[in-house]
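Undergrad: I have a structure here, written as structure tokens, and I will follow up with some questions on it.
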Ligand code: CA
């Protein structure tokens with residue numbers, strides 16, 4: 001009798017997690033994949049459950065291309081030798097650069113054709129892997145490309161989707177580069193190319209953000225690369241080839257070397273603009289279960305429950321198993337590859353709560369071992385979408401375990417997000433900047449905890465970060481409503497997203513003012529600074545590109561709001577305590593006794609490295625102005641949080657000050673002259 005599939009999976013689950021399997025098959029070599037040399041290419045694949053493996057070489061990246069060109073597609077099959085720890089390898093003579101390949105893996109008498117999990121290049125839609133001479137994919141002066149100096153000391157992260165960035169017809173980017181990697185390489189970009197209002201890369205430079213965090217840019221499956229004339233859009237949280245750039249953002253998705261070159265050109269252009277590049281990596285699941293991982297080693301890479309059912313903690317149909325050594329290694333190998341080959345400056349882990357602490361710390365260690373690797377940022381979502389089945393007693397990298405993570409692995413703080421603007425998932429829910437009397441009072445304590453990067457012990461809730469370096473402060477990201485839409489729907493109760501509303505604008509300013517005056521790493525969604533709207537859409541992952549794109553006309557319309565963000569980014573650099581990522585930094589924040597929902601605090605500058613001896617920050621979440629008593633001394637107003645701001649300070653104020661409604665006020669005390 002044939003065993004049911006689920007029963008077999010329970011058996012395999014035990015086998016794959018056994019000590020015996022580990023001893024027999026844990027392969028630590030760094031030579032998995034295809035390694036090109038001028039006169040021969042070396043192929044190696046890990047497939048411990050296979051009975052035999054063949055390498056298949058093709059002339060084209062897809063069958064259709066061969067048919068279209070009326071040329072022979074298939075070239076040759078090569079027998080692969082079984083080697084140590086479940087690997088199979090073969091060396092093929094000749095110059096194979098630009099040829100495509102797959103593996104024929106036979107397990108339990110069943111043969112499956114698959115791409116290479118370690119592919120570093122591929123054909124259209126990522127179906128076939130490609131042999132590549134990586135040196136040939138380097139843009140001019142790539143060897144001189146470096147991480148911009150000093151950005152690591154002042155991280156301000158801008159979350160951006162590659163297509164959104166320049167898809168707008170008004171973006172000023174040349175037509176064939178709109179929505180593509182190459183859009184980043186076009187200089188002097190302005191709205192409609194008129195030179196009056198910056199757009200795209202010039203805009204980013206002007207704004208002053210130090211990192212761009214790109215939504216998935218590895219090869220994903222939800223956009224058909226064969227059909228790019230058709231309007232398509234997806235965020236890209238559906239990995240196909242982890243170590244290859246996505247093809248739909250390239251000017252040619254068929255020739256596997258083009259996407260590599262153009263991705264590198266994008267990185268180079270951002271670096272030249274003084275901006276670091278962070279990749280959103282989605283190791284927690286694959287596009288579908290019939291992935292290259294599954295076809296190569298069936299059921300090794302995925303979690304199943306005790307009954308043999310695949311778990312779905314990702315809410316995307318499957319969960320990978322980071323606690324199994326060969327996937328743990330795969331994740332580390334992939335991240336290190338992007339950091340070295342593509343000069344990536346940081347990684348954001350999607351649903352990091354589905355990974356285990358040991359894996360995350362090991363990746364940190366491996367990045368640290370690279371030249372200047374300690375500067376590479378690591379952060380992730382400290383939650384899962386649903387239940388998973390982590391094995392081997394592994395500890396999930398969720399918020400409550402943050403103290404088990406390396407102090408340089410950060411988590412998104414949903415505490416600041418939800419206390420500032422109200423619960424993300426409930427339209428009418430309000431928070432500190434948009435709430436009524438009761439709501440702002442309720443949020444006060446959480447906002448105060450956020451000011452300290454959740455690092456003041458007496459305030460800590462359930463989360464115990466080691467230092468502010470573990471906290472990403474944000475109020476909007478690609479998920480859920482844009483900040484503007486959330487404020488509008490929560491306050492107005494109706495969908496009036498295109499009305500310019502001074503009250504909503506002020507709440508937006510206040511929310512940003514808070515994020516930029518907290519300990520931790522500030523992060524915001526592209527366009528938050530110009531009241532980005534998606535017409536209330538909560539999940540635009542596969543909506544039209546027009547709904548998702550950055551609207552550069554709207555940017556011009558909300559220029560005042562952008563200028564306020566630009567000021568906040570610059571102001572943060574004059575208040576060095578805020579950029580401190582060590583635990584002691586929280587001790588340099590002294591809260592003042594403020595009545596009701598008001599929050600006031602002093603930022604000390606004991607190291608004397610900033611513009612001011614002390615800074616004073618007030619949050620007034622009330623819809624009316626409030627008079628407060630200032631601490632002793634002469635204070636220069638830096639911003640009233642509404643219309644007035646100046647990095648050098650405006651007028652001097654003493655004793656008493658009127659805080660504007662829904663505002664963040666900042667003041668500075670001049671340094672005493674040394675005689
Ligand atoms: Ca793709």
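The values are calculated or read from the model by the stated rules, or taken from the named source; none is laboratory data. Because the structure is predicted, anything quoted here is derived from the model rather than measured. Please note: Cβ atoms are built from the backbone with ideal geometry, for glycine as well, and neighbour counts cover all protein chains shown.
Undergrad: Check whether at least one residue in the range 430-453 is in contact with a helix residue (DSSP H, G or I) (Cβ under 8 Å, 6 or more places away or on another chain) and within 30 Å of residue 328 (Cβ to Cβ), and report yes or no.
TA: yes
Undergrad: Here is a further query. Just to be sure I understand, how many residues within the range 235-259 are part of a helix (DSSP H, G or I) and either over 15 Å from residue 118 (Cα atoms) or free of Cβ contacts under 8 Å to residues at least 40 places away in the same chain (or both)?
TA: Pass one, the range 235-259, residues part of a helix (DSSP H, G or I): 256-259.
With either over 15 Å from residue 118 (Cα atoms) or free of Cβ contacts under 8 Å to residues at least 40 places away in the same chain (or both) added as a condition, the list becomes 257-259.
Within the range 235-259, residues that are part of a helix (DSSP H, G or I) and either over 15 Å from residue 118 (Cα atoms) or free of Cβ contacts under 8 Å to residues at least 40 places away in the same chain (or both) number 3.
Undergrad: Also, I was wondering about something else. Before we move on, is residue 63 under 35 Å from the mean Cα position of the chain (by Cα), farther than 30 Å from residue 366 by Cα and touching a residue at least 12 places away in the same chain (Cβ under 8 Å)? Working first, answer last.
TA: Details: under 35 Å from the mean Cα position of the chain (by Cα): yes; farther than 30 Å from residue 366 by Cα: yes; touching a residue at least 12 places away in the same chain (Cβ under 8 Å): no.
The answer is no for residue 63.
Undergrad: Considering only residues that are surrounded by 23 or more Cβ atoms within 10 Å (Cβ to Cβ), out of contact with any strand residue (DSSP E or B) (no Cβ under 6 Å at 6 or more places or on another chain) and farther than 18 Å from residue 234 by Cβ, which ones fall in the range 169-188?
TA: 171, 173, 184
Undergrad: Take the range 233-251 and flag every residue that is more than 27 Å from residue 319 (Cα to Cα) and within 13 Å of the ligand (Cβ to nearest atom).
TA: First, the residues of the range 233-251 that are more than 27 Å from residue 319 (Cα to Cα): 250-251.
The one that is more than 27 Å from residue 319 (Cα to Cα) and within 13 Å of the ligand (Cβ to nearest atom): 250.
Undergrad: Oh, and also: Which number in (1) in a loop (DSSP other than H, G, I, E, B); (2) crowded, with 24+ Cβ neighbours inside 10 Å marks the one condition that residue 523 misses?
TA: Here residue 523 meets the rest and fails (1).
Undergrad: Still on this structure, I have one more. Quick one: which strands (runs of 3 or more DSSP E) lie wholly within the range 150-232 and hold at least 2 residues that are closer than 19 Å to residue 553 by Cβ and within 16 Å of the ligand (Cβ to nearest atom)? Quick ask: steps written out before the conclusion?
TA: Numbers: elements: 157-160, 211-214, 218-220.
In the range 150-232, no matching strands (runs of 3 or more DSSP E) lie anywhere.
Undergrad: Just checking, does the range 385-395 include any residue being buried (at least 22 other Cβ atoms within 10 Å of the Cβ) and under 20 Å from the mean Cα position of the chain (by Cα)?
TA: no
Okay, residues lined up against (1) farther than 30 Å from residue 217 by Cβ; (2) within 16 Å of the ligand (Cβ to nearest atom); (3) in contact (Cβ under 8 Å) with a residue 60 or more places away in the chain:
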{"site": "51", "(1), (2), (3)": "yes, no, no"}
{"site": "55", "(1), (2), (3)": "no, no, no"}
{"site": "70", "(1), (2), (3)": "yes, no, no"}
{"site": "85", "(1), (2), (3)": "yes, no, yes"}
{"site": "97", "(1), (2), (3)": "no, no, yes"}
{"site": "108", "(1), (2), (3)": "yes, no, no"}
{"site": "122", "(1), (2), (3)": "no, yes, yes"}
{"site": "125", "(1), (2), (3)": "no, yes, yes"}
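Undergrad: Could you tell me whether any residue of the range 530-545 is touching a strand residue (DSSP E or B) at 6+ places or on another chain (Cβ under 8 Å) and at pLDDT 95 or above? Spell out how you get there, then give the answer.
TA: Narrowing the range 530-545 to residues touching a strand residue (DSSP E or B) at 6+ places or on another chain (Cβ under 8 Å): 532.
Remaining after also requiring at pLDDT 95 or above: 532.
Scanning the range 530-545, I find at least one residue that is touching a strand residue (DSSP E or B) at 6+ places or on another chain (Cβ under 8 Å) and at pLDDT 95 or above, so the answer is yes.
Undergrad: Of the conditions (1) in contact with a strand residue (DSSP E or B) (Cβ under 9 Å, 6 or more places away or on another chain); (2) part of a helix (DSSP H, G or I); (3) touching a residue at least 60 places away in the same chain (Cβ under 8 Å), residue 117 satisfies every one except a single condition; which number is it?
TA: Here residue 117 meets the rest and fails (2).
Undergrad: Right, something else. In the range 129-146, is there at least one residue being within 16 Å of the ligand (Cβ to nearest atom) and under 24 Å from residue 326 (Cα atoms)? Can you show your working first?
TA: Filtering the range 129-146 for residues within 16 Å of the ligand (Cβ to nearest atom) gives 129-130.
When the remaining residues are screened for being under 24 Å from residue 326 (Cα atoms), the result is 129-130.
Yes, there is a match, as at least one residue in the range 129-146 is within 16 Å of the ligand (Cβ to nearest atom) and under 24 Å from residue 326 (Cα atoms).
Undergrad: Looking at the range 45-67 only, could you name the residues that are surrounded by fewer than 22 Cβ atoms within 10 Å (Cβ to Cβ) and not in a helix (DSSP H, G or I)? Please lay out each step first, then the result.
TA: Step one: of the range 45-67, the residues surrounded by fewer than 22 Cβ atoms within 10 Å (Cβ to Cβ) are 48-49, 51-52, 54, 56-57, 59, 62-67.
Selection gives 48, 49, 51, 52, 54, 56, 57, 59, 62.
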